[in-house]
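Take a look at the structure set out below.
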Amino acid sequence: MAINSVITGTGSYIPTVVKKNSDFLTSQFLNEDGTSFVYENEIIIEKFKSITGIEERRYASPELNSSDLAFFAAEKAIADANIDQEDLDYIILAHNFGDVKSASNQSDILPSLASRVKHRLGIKNPNCVAYDILFGCPGWIQGMIQAEAYIKSGMAKKCLVVGTETLSRVLDDHDRDSMIYSDGAGACVVEASESNDKIGILSYAAQTYTFEECFYLFFGKSFDKSKDEHTRYIKMFGRKIYEFGLSYVPTAMKEALDKSGVNILDVKKILIHQANEKMDEAIIKRFYRLYKTEIPEAVMPMSIHTLGNSSVATVITLYDLIKHGNLKPHSLHKGDVILMASVGAGMNINAMVYKY
């Protein structure tokens, strides 16, 4: 019998602070050179919504940090898997900015967030190895790829893979792109499972583009020139990322699917990183065009409208919501093939084929 890497439990944490688009009506949005926009905020926000699909997003409450959100999601995943947490071989935690306390944008990653989560879980087993990975928004999928490698090599039987972020702590309030980002966490337990059938992780693909694309996402100064020039915030070249995603994500998805041997017509759901509604829709169109077939109805669930872009947390949160019946009318059934994909800072891309 073959050893498969199967998700046995999931959990997510959706922060309680709701930030609606209307909350940005009083914001002072500026151009990169510090000058004011010629358009009123109502127009800026309406255009933003039409492109991204975001109506509201979630922010972590002031007393919580990324590692706290990760712990909440991990605790749920472990309970859902019904395992003894002392039996975990690895805790792989994806993030981008570490713990950033409210009203501060200084990153704290000492100790690592994975170590903090292991500590909060009360795990005493020293053979449970906990570490962080920085892979941009595709971090959780990359963590899954690493868990698959450990399980297939015999190095692990149970892994906890977490994606967590509090992007609200590293935003430039004067940059209209700041409306995209949100906070959240998702986690899953991946276990080795012997079966004659191919289930769990079937295949994957991953790439890093750095020759021209390395700094499409970066840390930069505020657009408000009166602020401390040494303080940095998350910045991006939106148009370049959009074009990059359309050019390379569909081919990575195709590479992963072709490796799996699954027919495109048998893919039931595509869980794509919730970055931008129009970009995600365009990626899906190009992906199906590669197979010269039509896009099935309801193949691409989305959470971005109310949860925004929580980076590494989006794909696993989406999976968790569907799995537990919290994103109607979407559902998962035994034998369903799911294609997951993400793109983000690095610039990194990955895709993974999973049989439920």
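The values are calculated or read from the model by the stated rules, or taken from the named source; none is laboratory data. Bear in mind the structure is a predicted one, so any value in this text is a computation, not a measurement. Backbone-built Cβ (ideal geometry, glycine too); neighbour counts: all protein chains shown.
A few comments on the model shown:
- Residues of segment 236-274 classified as of a type in the set (A, V, I, L, M, F, W, C), under 23 Å from Ile201 (Cβ atoms) and touching a residue at least 40 places away in the same chain (Cβ under 8 Å), total: 10
- Residue that is nearest to the chain's Cα centre (by Cα), among those in segment 263-292 that are of a type in the set (A, V, I, L, M, F, W, C) and more than 15 Å from Ile338 (Cβ to Cβ): Ala275
- Put simply, of Ala156, Ala130 the only residue that is farther than 25 Å from Asn21 by Cα, touching a helix residue (DSSP H, G or I) at 6+ places or on another chain (Cβ under 6 Å) and part of a loop (DSSP other than H, G, I, E, B) is Ala156.
- Against the conditions (1) within 20 Å of the chain's Cα centre (by Cα); (2) modelled with pLDDT of 95 or more, Asp258 satisfies every one except (1).
- Which numbered condition Met279 fails, given (1) touching a Gly at 6+ places or on another chain (Cβ under 8 Å); (2) in contact (Cβ under 8 Å) with a residue 40 or more places away in the chain; (3) of a type outside the set (D, E, K, R): (2)
- Residue within segment 108-130 that is under 24 Å from Ala256 (Cβ atoms) and crowded, with 16+ Cβ neighbours inside 10 Å present: no
- Tally of residues being in contact (Cβ under 8 Å) with a residue 40 or more places away in the chain and over 30 Å from Leu271 (Cβ atoms) across segment 116-146: 0
- Residue within segment 134-148 that is surrounded by fewer than 16 Cβ atoms within 10 Å (Cβ to Cβ), in a loop (DSSP other than H, G, I, E, B) and either at negative phi or of a type in the set (Gly, Ala, Ser) (or both) present: no
- The sole residue among Ile78, Ile43 that is modelled with pLDDT of 95 or more, farther than 25 Å from Phe218 by Cβ and among the β-branched types (Val, Ile, Thr) is Ile78.
- Among the residues making up segment 176-217, those that are closer than 22 Å to Ile54 by Cα and under 16 Å from the mean Cα position of the chain (by Cα) are Ile180, Tyr181, Ser182, Asp183, Gly184, Ala185, Gly186, Leu217.
- Residue count for segment 230-263, restricted to those that are among the β-branched types (Val, Ile, Thr) and surrounded by fewer than 18 Cβ atoms within 10 Å (Cβ to Cβ): 2.
- Residue within segment 47-60 that is crowded, with 18+ Cβ neighbours inside 10 Å, assigned by TED's automatic domain parsing to the domain that holds Lys101, touching a helix residue (DSSP H, G or I) at 6+ places or on another chain (Cβ under 7 Å) and of a type in the set (Lys, Arg) present: yes
- Candidate set from segment 178-211 (those that are at pLDDT 95 or above and of a type in the set (Asp, Glu)); member that is nearest to Arg58 (Cα to Cα): Asp183
- Looking across segment 156-174 at every residue that is β-branched (Val, Ile, Thr) and buried (at least 24 other Cβ atoms within 10 Å of the Cβ), the one that is nearest to Leu217 (Cα to Cα) is identified as Thr166.
- Filter result for Val353 (surrounded by 15 or more Cβ atoms within 10 Å (Cβ to Cβ), over 20 Å from the mean Cα position of the chain (by Cα) and in contact (Cβ under 8 Å) with a residue 60 or more places away in the chain): no
- Between Ala103, Ala94, the distinction of being loosely packed, with under 15 Cβ neighbours inside 10 Å and under 23 Å from Tyr233 (Cβ atoms) belongs to Ala103 only.
- Of the residues Gly308, Gly238, the single one that is modelled with pLDDT under 95, within 18 Å of Ile54 (Cβ to Cβ) and of a type outside the set (Asp, Glu) is Gly238.
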